[in-house]
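Worksheet: the structure to be examined is printed underneath.
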Amino acid sequence: MVKSTLIGMLAGVGSGILLAIATRYVEMYTGKKIYSLLLNIDFIPLTQRIQGNEPIELVLHLLVSSGIGVFFVLLKPKFANKWGLSFLLILPAILLYFPLSYISQSEITSAADLSSFLLWSAAHVVYALILPLSIKT
């Protein structure tokens with residue numbers, strides 16, 4: 001169980017790093033602020049002191065990603081299709097685009113911006129493809 005948890009954490013962190021890199025480049029080249037949205041925590045109470053501190057915000061993103069990796073590893077034996085499981089686990093993250101856009105205290109992106117949503121979704125689909133590949137089966 002400990003080994004599985006560690007494997008899941010590492011797979012999640014690795015996949016999360018690649019997601020962060022992908023969204024950062026997309027933001028740089030398109031101007032669509034999906035990387036900023038990925039790291040944004042301005043709506044969480046008591047986080048004012050760390051807002052805008054990209055390394056800390058990235059670590060928080062990677063903690064969430066490591067949790068997804070752990071869930072993947074723990075649930076994988078119960079699912080015949082590892083790809084389906086990966087997409088099932090990442091679907092909530094894709095859909096979080098809308099509430100995150102809406103509750104953001106700063107104007108990062110609009111929930112109505114279809115191109116930003118599609119870029120956000122594509123980046124998370126890549127995450128869903130990378131996660132199973134990063135774990136030996």
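Values in this text are rule-based calculations from the coordinates and carry no lab data. This one's a predicted model, so the numbers in the text were calculated from it and none came from an experiment. So basically every Cβ, Gly included, is an ideal-geometry build from the backbone, and we count neighbours across all protein chains shown.
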Exercise. Only one of the listed values, (1) 39; (2) 55; (3) 30, was derived from the coordinates as percent of Cα pairs over 24 Å apart; which label is it?
Worked result: (3)
Seminar exercise, completed: Computed over the chain: longest principal axis from alpha-carbon atoms vs helix 82-95 long axis, angle to nearest 10 degrees, is 20
Problem set entry | Residue with peak Gaussian network fluctuation, the chain [Cα springs, cutoff 10 Å], from 104, 15, 115 | 115
Exercise. Counting pairs of alpha carbon atoms under 8 Å apart in space and at least six apart in sequence, what relative contact order in percent does the chain give?
Worked result: 37
Problem set entry | Shape parameters for segment 93-137, alpha-carbon atoms, Rg then Dmax in Å | 13.2, 42
For this session: On a 0 to 90° scale, report how tilted helix 54-75 is relative to the longest principal axis of the chain, with both axes built from alpha carbons and the result rounded to the nearest 10.
Result: 30
Seminar exercise, completed: Rg/Rh over Cα atoms for segment 65-134, Kirkwood Rh, comes to 1.05
Problem set entry | Given 12 as the ceiling on other Cβ atoms within 10 Å, longest exposed-site-free region of the chain for trypsin sites (Lys or Arg not before Pro) in DSSP loops | 50-135
Exercise. How far, in degrees from 0 to 90, does helix 114-133 lean away from the longest principal axis of the Cα atoms of the chain, to the nearest 10?
Worked result: 20
Seminar exercise, completed: Ranked from fewest to most other Cβ atoms within 10 Å of their own Cβ, 102, 127 fall in the order 102, 127
